[in-house]
Amino acid sequence: MKKKIRRIAVLTSGGDAQGMNSAVRAVTRRALDAGVEVYASMGGYYGLVHDVVKKLKATDVANIEPLGGTIIWTDRCDEFRYEEGMQKAIATCRKYKIDAVIAIGGDGTFRGATDLSVRGIPTVGVPGTIDNDITASDYTIGFDTAMNRATEAFDSLRDTCQSHNRINVLECMGRGCGDIALRSGLAAGAVGIAIPEVPFDEDALVARIKEAEAAGKRSLLVSVSEGVAEKNGKAFGEYLTDKLNALCKAGEIKHDARFCRLAHVFRGGAPTLRDRDTATRMGAFAVDMLLRGESDRVVLERNGKLVSMEIRYALMTDKMYKGKLKEGDLDGFTEEQIAGMKEICEERAKEAAELVALADALCI
Ligand code: F6P
């Protein structure tokens, strides 16, 4: 029988992402409107494990939409990975009579959400991470703002490269996912984009640089995702910068190169409309799911629509896309489900390869 939800907890966990505040606001107000009380677990799962929770009123979430970061803090709570920590979290839920949890974050957050669900606390996940690495979702909260930050950075680097006749290599955050580097590199007209999903041809980059030089281009930008494997003991972007400088010294190319890493800068600042909009809709959707009795599922955006998927299925699709499947991981999934995962991965890989090729074709 469906249990009536009277109180929920909301938490933001993992790396913060712009737009998380809009999600917290939407969760809070949608729940309060439905007569459900809301508690914030402060600092992600840490708040549940250590009994740091705060009752939220509608006014507590007023005017937070333009704020970067997350007003209910975040953490990557190690203790919550172990049974003892989870039991403490469940004890906190019992203490405050919390019937269900909405967990906003990335894949680590969703593993935690499943752990709570299987232990009797219905939980729904909302994808909040700048990385856009929830493979089954076209979009994650924070991705749009992070791409825009990266694009602004490229535009600034363009100005100085144009003055100096120079190449600038910008490393973009994103963990194992190249989407920020890909989309901002494409938007900025990069002469090369290196992401983990698509093999990178260094010789082809050098050939394009020579072509660009022959065409009289002064400024050249290269976008490198932090997820590309290290080379010669260095982050790939730094290795590539050294290589281009060595080629310049040897007279093979004319531009010298500089390396830039803005790291967490991409994660800060005011969220874009897109992130606020997605976060608001996803937050309200998650509350509605819990009220309908749905649990252990994650909200996704697919083809412009909000849908949901079993968390385990979404996490396994990520593993498949990242080539991290271990023996036995797919046991328990039907052939049809596995085919569905493969289709999502293939679509995503195809799009990444096409966009890199498009950027390469348009850069000169
Ligand atoms: O997952 C979000 C993210 O910002 C990644 O892009 C990055 O690799 C990582 O978090 C950085 O983690 P931390 O905040 O612990 O430095």
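How charged is the neighbourhood of residue 177? Take every other residue with its Cβ under 9 Å from the Cβ of residue 177, and add Lys/Arg as +1 and Asp/Glu as -1. Please list the in-between numbers first.
Numbers: positive: 175, 322; negative: 131, 133, 179, 197.
Residues near residue 177 contribute -2 overall.
Compute a Gaussian network model of the chain, connecting alpha carbons closer than 10 Å, and tell me which residue from 27, 118, 222 fluctuates the most.
118
Angle between the Cα long axis of helix 335-362 and the longest principal axis of the chain, 0 to 90 degrees, nearest 10?
30 degrees
Just how much of residue 316 is accessible, in Å², when a 1.4 Å probe is used and the result is rounded to the nearest 10?
Taking all protein chains as shown, residue 316 has close to 20 Å².
What residue among 153, 349, 100 has the largest mean-square fluctuation in a Gaussian network model of the chain, using Cα springs under 10 Å?
Of the options given, 349 has the highest mean-square fluctuation.
Only helical DSSP H runs with n ≥ 4 go in: add -39500 (n - 2.57) per run for the chain, normalise by residue count and round the 222 nm mean residue ellipticity to 500 deg cm²/dmol.
Using -39500 (n - 2.57) per qualifying helix, the result is -14500 deg cm²/dmol.
Which value, in Å², gives the accessible area per residue of the chain when a 1.4 Å probe is used on the protein heavy atoms?
Computed with neighbouring chains in place, this is 44 Å² per residue.
Amide H neighbours of residue 172 under 5 Å, at least 5 residues apart or on other chains, H built in the peptide plane: list them.
It is 224, 225, 226, by chain and number.
Quick check: from the Cα gyration tensor, does the chain come out rounded (a/c under 1.5), prolate or oblate?
prolate
Rounded, prolate or oblate: which fits segment 63-211 when a ≥ b ≥ c are the square roots of the eigenvalues of the alpha-carbon gyration tensor, with rounded for a/c under 1.5 and prolate only if a/b beats b/c?
Because a/c hits 1.5 or more and a/b exceeds b/c, segment 63-211 counts as prolate.
Measure off, as a whole percent, the carbon and sulfur share of the 1.4 Å-probe accessible area of segment 139-295, all protein chains present.
Values: 3190 of 6400 Å².
Answer for segment 139-295 is 50 percent, counting heavy atoms of protein chains only.
Whole angstrom only: what separates the Cα centroid of segment 1-55 from the Cα centroid of segment 217-285?
34 Å
In degrees from 0 to 90, rounded to the nearest 10, what is the angle of the helix 20-33 Cα long axis to the longest principal axis of the chain?
For helix 20-33, the angle is close to 20 degrees.
For segment 213-299, just list the percent of Cα-Cα distances falling in each 10 Å bin from zero outward, please.
Percent of Cα pairs in each bin: 13, 25, 21, 18, 14, 8, 2.
So, counting K/R as plus one and D/E as minus one, what does the shell of residues with Cβ under 12 Å around residue 149 add up to?
It works out to a net charge of -2.
For a quick check of understanding: with a 1.4 angstrom probe and all protein chains in place, what accessible area in square angstrom does residue 321 have, to the nearest ten?
That residue has around 50 Å² of solvent-accessible surface.
Could you go through segment 160-175 in sequence order and give the Karplus-derived ³J(HN,Hα) for each residue, using 6.51 cos²θ - 1.76 cosθ + 1.60 with θ = phi - 60°, rounded to whole Hz, and x for Gly and Pro?
Values per residue, Gly and Pro as x: 6, 5, 5, 5, 9, 6, 9, 9, 10, 9, 10, 8, 10, 4, x, 6 Hz.
Within a Cβ distance under 12 Å of residue 166, other residues only, what is the Lys/Arg minus Asp/Glu net charge?
Residues close to residue 166 contribute a combined charge of +2.
Over segment 93-177, what per residue volume does the convex hull of the Cα atoms give, in whole Å³?
On the way: hull volume 9.3 nm³, N = 85.
Taking only Cα atoms, segment 93-177 has a hull volume of 109 Å³ per residue.
Is the shape of segment 9-91 rounded, prolate or oblate, going by the alpha carbon gyration tensor and its root eigenvalues a ≥ b ≥ c, with a/c under 1.5 for rounded and a/b larger than b/c for prolate?
Verdict is oblate for segment 9-91.
Once you place label points 7 Å from the Cα toward the Cβ at residue 335 and residue 302, how far apart are they in nm?
It works out to 2.1 nm between the two label points.
The values are calculated or read from the model by the stated rules, or taken from the named source; none is laboratory data. It should be emphasised that the depicted structure is a prediction, and the values quoted were computed from it without experimental measurement. Backbone-built Cβ (ideal geometry, glycine too); neighbour counts: all protein chains shown. For the accessible areas, the whole protein counts, side chains as well, though only heavy atoms, and no ligand, DNA or RNA atoms are used. Shrake-Rupley method; radii C 1.70, N 1.55, O 1.52, S 1.80 Å.
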